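Here the structure is laid out as structure tokens; the discussion comes afterwards.
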Amino acid sequence: MAAEVAGAVEIRGALARLRRATGLPIAFGGLVDADRPQVRISELTGTHTAALRSLAVSSGNGLGGRAVLLARPCAVTDYSVSRRISHEYDVPVAAEGIRSVLAVPVVVRRRVRGVLYGALRTAEPLGDRTLGAAVAAARDVEQALVVRDEAVGLLAAARPEPAAVPDTGAAWEQVREAHAALRALAPRISDPALRSELLAACGLLTAPAPAAAKALAPRELDVLAWVAAGATNAAVAERLGLRPETVKGYLRSAMRKLGAHTRGEAVSAARRTGLLP
């Protein structure tokens, strides 16, 4: 349920961006149901009625269902008379006064996860600029869902208490990599509740002393976590979206605070104080 709510938030934000970018008066959309191939319209902006709210659009049916089936954008200039689509949903579409419509699927790892619609109340072509903006909005949702999926997977892997992890070198390396990946993902999560849960999961893997907990800034700890996992400065920069020079600066600062002269000494000091697993 939480994942569905978060996905709906991403859809809502994408629809707002779509309207701003194109000037389209109507935008709506929703996620594909987990247990059946249909889109549930949950987010609407610019509509005058509730005719489309909670509408279930089955794969292959109507314009959105065609976009789900083909996993590519689809558009019609006059919905009610188009011969390119089936007409199971003519009544709610007509109730909203919709004529021209485009539907863009949200595709994550080859699976359609949702659909974004943009519409006019007049029968006129929707140009390439409008289609491009709709595709860009869908890509934004796709990236957000990919990040969320990765975060949820890492969160599930990190839930066990450290004591439950087998005391082997390989097992602890996996824990350390999960810790570093969780910290790297946290700033990219737009959902504050999930972001807090990710950082709390990091806490499950460490047990810093009160004084040590304040020793490093969050970004310094992010960098040191990846260094502990064996990453080079260039690799750390790529994973965290930073410049290599910035990574070096954070690492130097962390070393100074920990009283370390080398990267290895900094990692060892951070582990002794419980800042790293």
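Things to note:
- Selection status of A151, modelled with pLDDT under 90 and assigned to a helix (DSSP H, G or I): yes
Yes/no per residue for (1) charged (D, E, K, R); (2) in contact with a Phe, Trp or Tyr (Cβ under 6 Å, 6 or more places away or on another chain):
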{"position": "S82", "(1), (2)": "no, no"}
{"position": "G97", "(1), (2)": "no, no"}
{"position": "A103", "(1), (2)": "no, yes"}
{"position": "R111", "(1), (2)": "yes, no"}
{"position": "G114", "(1), (2)": "no, no"}
{"position": "L120", "(1), (2)": "no, no"}
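- Scanning region 221-237 for residues that are more than 17 Å from A270 (Cβ to Cβ) and assigned to a loop (DSSP other than H, G, I, E, B) turns up just one, T232.
- Scanning region 238-272 for residues that are of a type in the set (S, T, N, Q) and under 28 Å from the mean Cα position of the chain (by Cα) turns up just one, T246.
- Test result for A16, over 15 Å from V101 (Cβ atoms), under 24 Å from the mean Cα position of the chain (by Cα) and touching a residue at least 24 places away in the same chain (Cβ under 8 Å): yes
- Remark: L24 matches the filter, which requires a residue to be out of contact with any Lys or Arg (no Cβ under 6 Å at 6 or more places or on another chain), touching a residue at least 24 places away in the same chain (Cβ under 8 Å) and under 16 Å from V135 (Cβ atoms).
- Pair list, Cβ < 7 Å and 6+ apart or interchain, from region 83-101 residues that are closer than 24 Å to G132 by Cα to residues that are buried (at least 18 other Cβ atoms within 10 Å of the Cβ) and of a type in the set (K, R): I85/R66
- A count restricted to region 103-140 and to residues that are surrounded by 14 or more Cβ atoms within 10 Å (Cβ to Cβ) and under 16 Å from D33 (Cα atoms) stands at 9.
- The C-beta contact set for region 257-269 (first residue of a type outside the set (A, V, I, L, M, F, W, C), second residue assigned to a helix (DSSP H, G or I) and modelled with pLDDT under 90, distance under 6 angstrom, 6+ apart or interchain) comprises R263/V227.
- Number of residues in region 2-53 that are closer than 13 Å to V141 by Cα, small (G, A, S) and surrounded by 18 or more Cβ atoms within 10 Å (Cβ to Cβ) equals 5.
The values are calculated or read from the model by the stated rules, or taken from the named source; none is laboratory data. None of these values were measured; they are calculated from a predicted model. Here the Cβ is made from the backbone with ideal geometry for all residues, glycine too, and neighbour counts use every protein chain on show.
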